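Visitor: What follows is a structure written as structure tokens; I'll ask about it next.
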Amino acid sequence: MNKPTRPMMSAWALIFCGLTTIAPAGAAGQAAVSMAVHANAPGPKIDRHIFGQFAEHLGRGIYGGVWVGTGSPIPNTDGYRNDVLAALKALHVPVIRWPGGCFADDYHWRDGIGPRAQRPVRVNTHWGGVLEPDSFGTNEFLDFAELVGADPYVTGNVGSGSPQEMADWAEYITSDSQSTFAQLRRANGRAKPWRLPFFGIGNEAWGCGGNMRPEYYADLFRRYATFVRDHAPEGIELVASGAHDDDYHWTDVLMARAGDLIDALSLHYYTIPTGNWKHKGAAYGFGEDQWASTLKAASRIDEFITRHSAIMDKYDPQKRVALFVDEWGAWYDQEPGSHPGFLYQQNSLRDAMVAAISLNIFERHADRVRMANIAQMINVLQAMILTRQAKMVLTPTYYVFRMYVPFQDATYLPVRIDTPSYRYGTTALPAVDATAARDSSGTIHLALVNIDPHHGATVSVQIEGFNAHSASGTVLTADAMDAHNTFEHPNAIAPARFDGVRKGARLVFRLPPKSVAVVAVH
Ligand code: AHR
């Protein structure tokens with residue numbers, strides 16, 4: 001195995017930081033990092049929806065994770081787990097995407113309404129071939145989103161559904177008229193329409209959503225989008241099924257052929273430590289090689305967003321069409337012994353790094369990226385929450401999302417950073433990454449990420465256009481790269497208090513190795 005080497009500024013970091021100086025090494029293995037925040041040159045709003053979630057009918061994401069049913073001994077409110085509801089409320093979840101994923105293009109919404117005992121039971125063909133009881137359907141999802149305080153984002157069925165079916169669904173949800181579908185909703189217990197700000201016209205049309213060519217899907221998008229009508233004055237933003245990774249051709253064809261009707265185009269990207277879908281790598285018990293390869297893979301989303309955005313700029317220089325990264329996160333080999341096809345995986349300090357790096361990248365692209373949905377919310381892939389019967393565990397990823405709450409709808413402030421590199425083998429990445437934002441009350445928040453697992457960093461921050469006295473917040477770190485919470489030890493890793501001190505005109509932070517910190521500046 002390769003040995004870690006002491007970091008020096010890499011060419012990549014020079015471009016990234018826009019600086020030509022090398023930071024001197026600090027005391028006792030601490031890297032010296034210098035950072036300037038341009039509070040006097042504010043950027044765009046960081047849309048709160050980039051801190052969004054994705055919840056699919058997959059494994060125990062919905063059943064057991066969110067929904068236990070009204071008769072369950074697990075404490076619940078109308079069938080929703082109380083512990084999960086409380087944990088999600090603390091995250092200020094801005095949006096939840098549902099019901100898929102691949103499941104969406106197999107889902108027929110009428111299966112999931114009316115008395116639960118009478119709903120049909122289907123086979124979930126994508127995810128383990130298990131029975132789908134349809135007890136969590138449209139009413140249950142939209143009521144759940146309301147309870148949590150999140151905007152609902154529903155993905156419709158293009159692959160095996162019809163435009164009529166999609167149009168009826170939008171009417172059932174949003175019409176306040178006396179139409180048959182509005183009356184059906186009332187008969188099912190919901191008098192007033194729900195808000196439906198986002199509607200996806202299919203999912204992964206290039207793959208599980210129908211294995212289409214972009215030319216064909218662009219035409220289908222035009223057709224289906226015509227019939228998903230706004231029955232409410234708020235309007236529905238229509239999301240086109242976009243590319244994955246570096247499929248720039250897909251984006252080009254869609255923008256050229258349907259850009260006039262698209263409100264948002266999606267992008268999917270999963271971080272895989274080995275780059276090999278058959279052997280992705282373990283969620284814990286990994287070596288530094290996979291720490292480095294995972295964080296390098298996570299950073300690649302910056303390049304994908306940049307290049308997809310450049311194509312969108314060609315057709316839409318005003319940036320009317322948003323880019324929604326509506327599936328992202330780390331995807332590992334599933335937990336040994338867990339149900340095949342359920343995509344259950346543990347979540348460690350490395351995932352906290354993936355989350356923080358990714359959120360920082362989305363913030364830097366806030367002018368175009370106006371939603372992102374981590375895959376997935378509970379018990380699936382890079383989850384916020386893991387449950388086992390009545391027990392619940394909050395993951396390191398959960399804590400990062402909670403720490404980043406002040407960035408929701410805040411104004412992005414440009415950051416210039418002079419950082420050494422973290423190097424492992426041929427991998428070289430900036431050791432420290434940071435973003436800054438000002439919230440509506442005028443408070444400035446900093447997010448600081450040190451991916452180097454061996455060296456702390458002394459970060460000295462100059463805030464231009466703001467008189468900073470002190471800074472306080474929380475830090476998430478642990479001794480082990482794969483530190484994680486289990487049902488037996490649910491508090492093995494959790495945020496702790498973290499302060500910066502004023503030195504002259506600067507604020508100084510001592511970031512531990514492998515840590516994420518978020519502070520408010522006073
Ligand atoms: O998140 C798991 C799956 O990954 C989704 O169902 C699909 O859209 C993607 O390929």
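Visitor: Which value in nm describes the separation of the simple spin-label points at residue 216 and residue 111, placed 7 Å from the Cα toward the beta carbon?
Guide: Using points 7 Å along Cα→Cβ, the separation is 2.3 nm.
Visitor: At R0 = 35 Å, how high is the FRET efficiency between residue 125 and residue 147 if r is their beta carbon distance? Nearest 0.05 is fine.
Guide: 0.70
Visitor: For the stretch 158-291, what does the relative contact order come out to in percent, with C-alpha contacts under 8 Å and a separation of six or more?
Guide: Reported as a whole number, the value is 23 percent.
Visitor: When the convex hull of the Cα atoms of the stretch 70-127 is projected onto a plane and the area is averaged over all directions, what value comes out in nm²? Walk me through the intermediate numbers first.
Guide: Values: hull surface 21.9 nm².
One quarter of the hull surface, i.e. the mean projection, equals 5.5 nm².
Visitor: From zero outward in steps of 10 Å, how is the percent of C-alpha pairs of the stretch 232-369 spread across the bins?
Guide: 12, 37, 28, 18, 5, 0
Visitor: If one takes the longest principal axis of the Cα atoms in the chain, at what angle in degrees, from 0 to 90 and to the nearest 10, does the Cα axis of helix 214-227 lie?
Guide: The helix 214-227 is inclined about 60 degrees to the chain.
Visitor: A follow-up question, please. If you average the sequence gap of Cα pairs under 8 Å that are 6 or more apart and divide by the length of the chain, what percent do you get for the contact order?
Guide: Reported relative contact order: 21 percent.
Visitor: Neighbour counts of other C-beta atoms within 10 Å: give me 293, 421, 309 arranged from fewest to most.
Guide: Details: 293 21, 421 25, 309 18.
Taking fewest neighbouring Cβ atoms as first place, the list is 309, 293, 421.
Visitor: Count charges around residue 110 for me, please; just the other residues with Cβ under 10 Å from its Cβ, Lys/Arg as +1, Asp/Glu as -1.
Guide: -3
Visitor: Given only helices, namely DSSP H runs of n ≥ 4 each adding -39500 (n - 2.57), what is the per-residue ellipticity at 222 nm of the chain, to the nearest 500 deg cm²/dmol?
Guide: Taking each H run of at least 4 residues, the total per residue is -7000 deg cm²/dmol.
Visitor: Roughly what would the spin-label model give for residue 72 and residue 180, points 7 Å off Cα along C-beta, in nm?
Guide: Result for the modelled spin labels: 3.5 nm.
Visitor: If you don't mind, another one. What number results when the radius of gyration of the stretch 194-292, computed over Cα atoms, is divided by 2.2 N^0.38 Å?
Guide: Expressed relative to 2.2 N^0.38 Å, the Cα Rg reads 1.38.
Visitor: Between the stretch 62-77 and the stretch 377-428, how many Å separate their Cα centres?
Guide: 27
Visitor: Kirkwood hydrodynamic radius for the chain: how many Å is it when counted over pairs of different Cα atoms?
Guide: One decimal place: 23.6 Å for the Kirkwood radius.
Visitor: Sort out for me the Cα centre separation of the stretch 343-365 from the stretch 180-243, rounded to whole Å.
Guide: That distance is 29 Å.
Visitor: Which order do the peptides 509-519, 95-105 come out in when sorted by mean C-beta neighbours inside 10 angstrom, highest first? The partial results should precede the final answer.
Guide: On the way: 509-519: 24.5, 95-105: 26.1.
Ranking the peptides 509-519, 95-105 by packing returns 95-105, 509-519.
Visitor: Holding the Cα-Cα limit at 30 Å, pick out from 192/391; 296/319; 391/514; 280/391; 45/280; 45/192 the pairs that are longer than that.
Guide: 192/391; 45/280; 45/192, as the Cα separations exceed 30 Å there.
Visitor: Please give me, ordered by residue number, the trypsin sites (Lys or Arg not before Pro) of the stretch 365-462 that lie in loop per DSSP and have at most 11 other Cβ atoms within 10 Å.
Guide: Here no trypsin sites (Lys or Arg not before Pro) fit, given the DSSP loop and packing criteria.
Visitor: Further, regarding this structure: How much net charge surrounds residue 168 when only the other residues with a Cβ under 14 Å from the Cβ of residue 168 are counted, with Lys and Arg +1 and Asp and Glu -1? Could you put the intermediate results ahead of the total?
Guide: On the way: positive: 110, 185, 229; negative: 111, 165, 171.
Spelling it out: positives minus negatives among the neighbours equals 0.
Any read-out appearing in this document is the output of simple, stated calculations on the displayed coordinates, not a laboratory observation. Remember, it's a predicted structure, so these values are computed and weren't measured experimentally. Counting neighbours? That spans all protein chains shown, and the Cβs are built from the backbone with ideal geometry, glycine included.
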